[in-house]
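Only one structure is covered here, and it is reproduced in the block below.
The values are calculated or read from the model by the stated rules, or taken from the named source; none is laboratory data. Owing to the predicted nature of the structure, the values given are computational and were not obtained by experimental measurement. Here Cβ is always computed from backbone atoms with ideal geometry, including for glycine, and neighbour counts include all displayed protein chains.
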């Protein structure tokens, strides 16, 4: 009898083991550590800036327009999303018609159609609508500011009117997402409840939300674009603000993917066989400078000298190679780069010559004061980097002082403008910048009529040629023509040394060798659907 | 006794008001806008004004304070700026999570501290005593977040035997008294226990030495009481002092260690405070600090009561 019992037990154990290993092998789980301290808002318009759009925007939701994130080599471009096509009226260029995609369903099974678009725009912009949600409205305000009105033409056609002719609208629409009205009704018209069980149209569906700890997304097998049905079954998002914790969690096998590993951890990660993925993306680490009465930067010679004084290659080395030297606001090779004649090279001699012309020298330096932060989104390693620039400046005759404050305080000072009383005596602000759409990258930074806080012109840069190019680019509805004008504008502002540009971040991510299929697009958002665990 | 208890509870009121005022003032003295973290780029002044009004930040500071305290008295601590969830629903789970960690750390710290302290007290001046003193001094001096990182590197990264972060395989929601969850508790509990262990060891050592010098101990020995029984008397007499220190330590650990919880991504009050500080989430900061200060006061009160139970000579009337 005994041997038989043993056999039975052994068989049972084997069966159990086989069963459990089978279960784990079936589900492909990708675990990602974000830098955010909390899971971004899940109801539609995510919080937490670029990271929110990346992990809780394009995953669970779609815009009328989507980003094409399939290329490593080229800058990300727009492509049809929930709208299949769009056109702008010839007469006054403010009336846009969007033809919607048919057969798209929200995660709760309800249909996406023109009513959904109107309902969602009401949710963001119509304060007296029952579904108006201030949290989402505020997050979306960066993108809907240009929209004046919207209406349904038929079930699959909507009309959007802009306040002024604005060719940048499709870019803005790539960041406005659509949530299900039926789901909101079902959950008692309570957005706080929707947060735990939202329904978008995107390739991933939110399954579990534990605030401040994790969000679990599962694949949407019925996604309307069959090419983008996720290759992984489950995507686990973990907020992990501490960089060392993220690295340790990756090295110990608790997660598969970390955002923004610190540069000094890269050699260790590589030696453990981790993949380090980098690519250019629309990011620049600059000093946005002041053109007010007391600013030495009013003199183009000083601006050019400052740009020539910086040893960008040295700074790249300081950053362990995780950056590229800037040649302007925009990365070289991008359609908006243009052909600047002012080359942002390291030329301290020329810098000194220019400063001498302007009346400064190492013994009689130009004195400037710049606001910096010890950390912050996209700020890279701000303290050593700023010290590095300070040394470079000192060598040529610019004496730079810092006012150090934390990231949110710095953002507040940028939003206030150089002319605000609290910014008196400040000549620059070291606020990392994105050029993911024409507005934030070029148009609203260079135009004299776009001051902060609604625009991005911090220092009162005022230049008739730049203004003219901005106005024309806003009226260029043909993407080719628009790109040409943007390139012309970029050429001009580089030649004017509008800001002091240092380096572009290379957006490093570290992932386990088991992660396959990821293509890091030149964008702030990324497509996680082709990613697979092996 | 009852009167004493009532009076002590009454005393917590001015403490609570004082704490909330200081905390409110300090937070508003810090530079930066509390709404900064949620205002997107390019938000118009109207949007900002609307948001300010929604949180009452458009009112003068004293009014803001009174509004807040008035609602807090009614149990409404407002809503988080970042997440728009009620503050209590954020602070509640965090307090529970920190309590789990604090109890584990205090148990560890108390066990080691008392053991080492008694050993050193009994062998004062010997090698053992010196070793224990060295251990307790290092325990008090070592930065616990650094120790946390070292523990992670050794046990999670190099040996791969314990997890580096988090609170259970599926987060705090699935924390249970099983091996899967407890594995997550080990490293942070050790990191957090070294300071209380060091402090308790030192004070136990001192108290034991003092008690051993007392006449009644010599009398007990002289009467021929076995060492084991004398030991019980020594411990009993040393207990009130040690208990007071332990209470303070527990209260401090309940405040959550901002650094240790951040290093281990432990979703407790320290982690919550840390993220609230960086995102300028005033309602969360105020709510958490007030709740924690109340805990501090409550634990002190409990320790005081317990002391008088253990040592009736301490009068609490």
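Touching a strand residue (DSSP E or B) at 6+ places or on another chain (Cβ under 6 Å), within 14 Å of another protein chain (Cβ to nearest Cβ), modelled with pLDDT of 95 or more and not in a helix (DSSP H, G or I), is that true of residue A:32?
Criteria met by residue A:32.
Which of the helices (runs of 4 or more DSSP H) found entirely inside region A:121-187 contain at least 3 residues meeting this: within 27 Å of the chain's Cα centre (by Cα) and buried (at least 20 other Cβ atoms within 10 Å of the Cβ)?
A:134-144, A:169-173
How many residues are within 20 Å of the chain's Cα centre (by Cα) and surrounded by fewer than 23 Cβ atoms within 10 Å (Cβ to Cβ) if we restrict to region A:287-324?
Residues flagged as within 20 Å of the chain's Cα centre (by Cα) and surrounded by fewer than 23 Cβ atoms within 10 Å (Cβ to Cβ) within region A:287-324 amount to 2.
Give the number of residues within region B:21-51 that are farther than 21 Å from residue B:275 by Cβ, more than 8 Å from every other protein chain (Cβ to nearest Cβ) and crowded, with 17+ Cβ neighbours inside 10 Å.
Going through region B:21-51 one residue at a time, the tally reaches 0.
Across region A:375-413, what is the number of residues that are within 14 Å of chain B (Cβ to nearest Cβ) and either touching a helix residue (DSSP H, G or I) at 6+ places or on another chain (Cβ under 9 Å) or over 14 Å from residue A:287 (Cα atoms) (or both)?
Summing the residues that are within 14 Å of chain B (Cβ to nearest Cβ) and either touching a helix residue (DSSP H, G or I) at 6+ places or on another chain (Cβ under 9 Å) or over 14 Å from residue A:287 (Cα atoms) (or both) in region A:375-413 gives 14.
Being surrounded by fewer than 24 Cβ atoms within 10 Å (Cβ to Cβ) and within 14 Å of chain B (Cβ to nearest Cβ) is the filter; apply it to region A:220-237 and report the residue that is nearest to residue B:159 (Cα to Cα).
A:236
Filter region B:258-273 for residues that are over 12 Å from the mean Cα position of the chain (by Cα) and assigned to a helix (DSSP H, G or I); which is farthest from the other protein chains (Cβ to nearest Cβ)? It would help to see each step written out before you state the result.
Keep residues of region B:258-273 that are over 12 Å from the mean Cα position of the chain (by Cα), which gives B:259, B:262-267, B:271-273.
Narrowing further to those that are assigned to a helix (DSSP H, G or I): B:259, B:262-263, B:271-273.
Numbers: B:259: 9, B:262: 5, B:263: 6, B:271: 8, B:272: 7, B:273: 11 Å.
Looking at residues that are over 12 Å from the mean Cα position of the chain (by Cα) and assigned to a helix (DSSP H, G or I), I get B:273.
Pairs under 6 Å by beta carbon, first residue at positive phi in region B:146-167, partner crowded, with 22+ Cβ neighbours inside 10 Å and assigned to a loop (DSSP other than H, G, I, E, B), six or more apart or different chains?
Correct list of pairs: B:166/B:265.
Quick check on my filter: what residues within region A:133-164 are more than 18 Å from residue B:45 (Cα to Cα), modelled with pLDDT under 95 and touching a helix residue (DSSP H, G or I) at 6+ places or on another chain (Cβ under 7 Å)?
Restricting attention to region A:133-164, the residues satisfying the condition of being more than 18 Å from residue B:45 (Cα to Cα) are A:133, A:149-162, A:164.
If we keep only those that are modelled with pLDDT under 95 too, we end up with A:133, A:164.
Residue satisfying the conditions is A:133 alone.
For region B:122-145, how many residues meet the condition of being without any contact (Cβ under 8 Å) to a residue 60 or more places away in the chain, part of a helix (DSSP H, G or I) and either closer than 18 Å to residue B:209 by Cβ or in contact with a strand residue (DSSP E or B) (Cβ under 9 Å, 6 or more places away or on another chain) (or both)?
Residues that pass the stated criteria total 5.
If you check every pair at least six apart or on different chains, which have Cβ atoms under 7 Å apart with a residue in region A:203-218 that is at the interface with chain B (Cβ under 7 Å from one of its Cβ atoms) first and a residue that is part of a loop (DSSP other than H, G, I, E, B) and modelled with pLDDT of 95 or more second?
Short answer, once both residue conditions are applied: none.
Could you list, in sequence order, all residues of region B:52-66 that are closer than 25 Å to residue A:51 by Cβ and more than 13 Å from chain A (Cβ to nearest Cβ)?
Selection gives nothing.
Hey, could you check region B:163-188 for residues that are part of a loop (DSSP other than H, G, I, E, B), in contact with a helix residue (DSSP H, G or I) (Cβ under 8 Å, 6 or more places away or on another chain) and more than 8 Å from chain A (Cβ to nearest Cβ) and say which is farthest from residue A:252 (Cα to Cα)?
Here the residue is B:175.
Being within 23 Å of residue A:55 (Cα to Cα) and out of contact with any strand residue (DSSP E or B) (no Cβ under 9 Å at 6 or more places or on another chain), is that true of even one residue in region A:144-163?
Quick first cut of region A:144-163, residues within 23 Å of residue A:55 (Cα to Cα) only: A:144.
Filter once more, keeping what is out of contact with any strand residue (DSSP E or B) (no Cβ under 9 Å at 6 or more places or on another chain): A:144.
Looking through region A:144-163, at least one residue is within 23 Å of residue A:55 (Cα to Cα) and out of contact with any strand residue (DSSP E or B) (no Cβ under 9 Å at 6 or more places or on another chain).
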